[in-house]
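K.L.:
Take a look at the following structure, please.
Any read-out appearing in this document is the output of simple, stated calculations on the displayed coordinates, not a laboratory observation. Predicted model only: the values in this text are computed from it and were never measured. Every residue, glycine among them, receives a Cβ derived from its backbone with ideal geometry; neighbour counts consider all protein chains shown.
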Amino acid sequence: MEEKFDVIIVGAGAAGLTAALYAARRQLSTVVFGKDLGGQTSTTMDIENYPGIDFSTGPALMNNFADQAKKFGAQIKLVGIADIKKRGEQDFWVKAEDGSEYGAKTIILAFGKHHRALDVSGEKEFRNKGVVYCATCDAPLFSDKTVAVVGGGSAAFDAVLLLTKIAKKIYLVHRRDTFRAEEILVKRAQANDKVELVLNATVQKIIGNSFVTGLVIQTPMGEQTLNVDGVFVEIGSVVGSEFIRELVQLNAAGEIVIDHVNQTTTPGVFAAGDATTVPFKQTVISAGEGAKAALAAYNYIQGLSADTQSADQGYIK
Ligand SMILES: Cc1cc2nc3c(=O)[nH]c(=O)nc-3n(C[C@H](O)[C@H](O)[C@H](O)COP(=O)(O)OP(=O)(O)OC[C@H]3O[C@@H](n4cnc5c(N)ncnc54)[C@H](O)[C@@H]3O)c2cc1C
């Protein structure tokens, strides 16, 4: 039989886990679904800007978020959500990727973002065997190696500059000859002897044996193979919102359109964090937005307008 909840939260990152804490403390039956625990924050070993915590690794901080939400009764299920449909007033049908189905009075969408893939031959095959998407997490694995960073934005240059402290040589492979990155980052990279800029180059494929051995690129001079031990893919991130395209309004970038109290265009569906139109994508901002979304969902269940102030205090008397 279908299990029913007051709140189903899609996404177990900072936004979803904070929403779970706030919803559970309001004594709403609450479940969080995530494809992983902690989201993007869990991919960094270095969080220095979460207020009140001088330093934490991402996984440690996110484990604390999860433990705190569970302490107040929220359930966490590590499985993705495949589909959500509205069925009647105050009722939603939710289907998980393992085929299980659930009912909910409200939905909080907090499924964040994920890295854009190159979509070339060898990328999937060598994922985590030399092909990586998080310089902060994986750069230390390439000590004294030769690597390529693909991209032309600030994230790509951040990765290059980090790798100058670790790797032997770094190719920055970019499909244009101009950059979207901050000027100061470009200048620092250009001034470093370890860095070689490979411009007007498109990636054709990634090759290797058990691990990456090369990156095949197309340049105006023809096809070339760069002999590298690792490929850092830094070409931006995408919101995986295709599965809720029919449920709520999205902007051109696929972000969920929300108002000041995290309401989407569908009554009963709230959203928070990097998956939304909220500016400045940061862990602390996602956490705050998750809290707001849960309090607005609580108001909705009580039949109050979403921004009713009495729900602002997140404690139970
Ligand atoms: C390398 C890196 C370093 C960073 N460093 C910092 C930093 O130092 N300080 C800082 O403030 N911010 C940092 N950020 C940004 C910060 O991590 C994000 O702003 C924050 O993680 C956003 O939280 P979120 O909960 O909105 O989304 P996410 O963290 O993206 O979490 C999304 C969650 O949704 C899940 N999900 C996705 N699709 C589905 C689905 N269909 N069904 C179920 N679950 C789904 C995912 O599995 C994940 O659990 C960093 C980001 C990266 C990538």
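K.L.:
Where in the range 122-157 is the amide nitrogen less than 15 Å from a point lying 7 Å along the Cα-to-Cβ axis of Arg176?
P.N.:
From the range 122-157, the list is 151-157.
K.L.:
Now, a different point. Dipole of the chain (Lys/Arg Cβ +1, Asp/Glu Cβ -1, origin at the Cα centre): which of Ala20, Phe243, Ala69 lies farthest to the positive side?
P.N.:
It is Ala69.
K.L.:
Can you list the residues, at least 5 places off or on another chain, whose amide H is less than 5 Å from the amide H of Lys194, using H built in the peptide plane?
P.N.:
none
K.L.:
Something else about it: For the range 171-186 and the range 230-278, compute the distance between their C-alpha centroids and round to whole Å.
P.N.:
Each part's Cα centre sits 27 Å from the other's.
K.L.:
Given the DSSP H assignment, sum -39500 (n - 2.57) over each helix run of at least 4 residues in the chain and divide by its residue total; what's the result at 222 nm in deg cm²/dmol, nearest 500?
P.N.:
When only DSSP H runs of four or more count, the value is -6500 deg cm²/dmol.
K.L.:
In percent, how large is the relative contact order of the chain, given Cα pairs closer than 8 Å and 6 or more residues apart?
P.N.:
20 percent
K.L.:
In addition: Under 5 Å between amide hydrogens, which residues at least 5 positions from Thr265 or on another chain qualify, with H placed 1.01 Å from N in the peptide plane?
P.N.:
Gln249
K.L.:
Okay, next question. In the range 203-306, with Lys and Arg counted as +1 and Asp and Glu as -1 at Cβ, which of these residues, Val261, Ala287, Gly303, has the Cα nearest the positive end of the dipole, that is, farthest along it?
P.N.:
About the Cα centre, the residue reaching furthest to the positive side is Gly303.
K.L.:
For the range 2-108, run through the trypsin sites (Lys or Arg not before Pro) and keep only the ones in DSSP coil with at most 11 other Cβ atoms within 10 Å of their Cβ.
P.N.:
Sparse-neighbourhood loop trypsin sites (Lys or Arg not before Pro): Arg87.
K.L.:
Taking the Cβ of Gly230 as the centre, find all other residues whose Cβ is under 9 Å away and add up their charges (Lys, Arg: +1; Asp, Glu: -1).
P.N.:
Net of charged neighbours comes to -1.
K.L.:
Still on this structure, please answer the following. Using +1 on the beta carbon of Lys and Arg, -1 on that of Asp and Glu, and nothing else charged, what's the dipole of the chain about the Cα centre, debye to 20? Working shown, then result.
P.N.:
Working: 32 positive and 36 negative charges, 35 e Å.
With only Lys, Arg, Asp and Glu charged at Cβ, the dipole is about 160 debye.
K.L.:
Which distance in nm do the two modelled labels at Gln90 and Asp307 give, with both placed 7 Å along the Cα-to-Cβ direction?
P.N.:
So the two model labels end up 2.3 nm from each other.
K.L.:
In addition: Once you place label points 7 Å from the Cα toward the Cβ at Ala191 and Asn49, how far apart are they in nm?
P.N.:
2.2 nm
K.L.:
Let me ask something else. For the range 65-171, with only Lys/Arg (+1) and Asp/Glu (-1) charged at the beta-carbon, what is the dipole magnitude about the Cα centre, in debye rounded to 20?
P.N.:
Numbers: 17 positive and 13 negative charges, 40 e Å.
My answer is approximately 200 debye.
K.L.:
Next question. How large is the dipole of the range 159-317 about the Cα centre if only Lys and Arg carry +1 and Asp and Glu carry -1, each at its Cβ, rounded to the nearest 20 debye?
P.N.:
Rounded to the nearest 20 debye, it is 500 debye.
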